[in-house]
1. Under 9 Å between Cβ atoms, at least 6 apart or on separate chains: pull out the pairs that start in segment 5-16 with a residue that is without any contact (Cβ under 8 Å) to a residue 12 or more places away in the chain and end on any residue that is open to solvent by 40 Å² or more (accessible area, probe 1.4 Å).
2. Go through segment 72-94 and count every residue that is open to solvent by less than 50 Å² (accessible area, probe 1.4 Å), within 17 Å of Val114 (Cβ to Cβ) and either in contact with a Lys or Arg (Cβ under 6 Å, 6 or more places away or on another chain) or assigned to a strand (DSSP E or B) (or both).
3. Would you tally the residues in segment 52-71 being farther than 28 Å from Val5 by Cβ and open to solvent by 70 Å² or more (accessible area, probe 1.4 Å)?
4. Those residues that are farther than 23 Å from Asp117 by Cα and buried (at least 18 other Cβ atoms within 10 Å of the Cβ), I need them from segment 129-148; list them, please.
5. State yes or no: is Thr145 β-branched (Val, Ile, Thr) and touching a strand residue (DSSP E or B) at 6+ places or on another chain (Cβ under 8 Å)?
6. Is it true that Arg132 is among the basic types (Lys, Arg) and closer than 29 Å to Ala3 by Cα?
7. Of the residues that make up segment 103-124, is at least one small (Gly, Ala, Ser), open to solvent by less than 60 Å² (accessible area, probe 1.4 Å) and not in a loop (DSSP other than H, G, I, E, B)?
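The values are calculated or read from the model by the stated rules, or taken from the named source; none is laboratory data. Nothing here was measured: the structure is a model prediction, and the numbers come from that model. All Cβ positions, even for glycine, are placed from backbone atoms using ideal geometry, and neighbour counts span all protein chains on display. Ligands, DNA and RNA are excluded from the accessible area calculation, which covers all protein heavy atoms including side chains. Shrake-Rupley method; radii C 1.70, N 1.55, O 1.52, S 1.80 Å.
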Amino acid sequence: MAATVYKWVDAQGVAHYSDQPHAEAKVIDVQPTNVVGTGSTAPPPVTAKPANVPAGPAYRCEIFRPENDEVFLNTSTISARLRLEPDLQPGDQVAIAIDGKRLQGQPTRGLEFVLTDVERGTHTVMIAIYDRTGKQELCTTSPITFHVRQPSVQAPVKATRPRF
C-alpha cells in the first residue's frame, strides 16, 4: 500500500512519523520491502572476548527481533529476541539497553525479553553478555534501531472497550 509518510522532530528531540502533514514535517521516501528466502543479510554477529578473561565460551550474539528499522504501530510493548552461541553459561548474565541506558528489572537469563513503556519515536536496543561479576563484558550485539509510530487516520487507536 502506497501512502505519503511525514517525519518531524519535536522540541524534546522525539521523532514523529505520520500520514498527516505537520508544519515542520518533511516527506520521507518509504521504499517497499521484499523478503526472499530465509538467508540473513544482517552483518555477522559481534564476537567479543577480552584477552584477560579466563578460559570459557567465546559468545556470538545478535538481536534478531526487532529487525533493524522495524516500525511498530500503536504499541508501547516491544519484544526483543537474542540469538546466542553457545548457550549462556552458569553465572553469566544478559543486560539490555534502550537508547544507551541499561534497563533495570529485566531478567538476566533467557533469550526473549519484553520491553514495556516504550514511548513513540525512534529508539535503539542493544544486548550485552557479562560474566558472573557483572563487570566483564563478554559479548555485545550491534545496535538495532526501531520506530514506534503514533496513531493516525490510517492506523487509529483501537477502542479499549467493545462497541455495540
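1. Taking only residues 6 or more apart or on different chains, the pairs are Asp10/Glu24.
2. 5
3. 4
4. Ile129, Tyr130, Leu138, Cys139, Thr140
5. yes
6. No; evaluated as a whole, the condition is false for this residue.
7. yes
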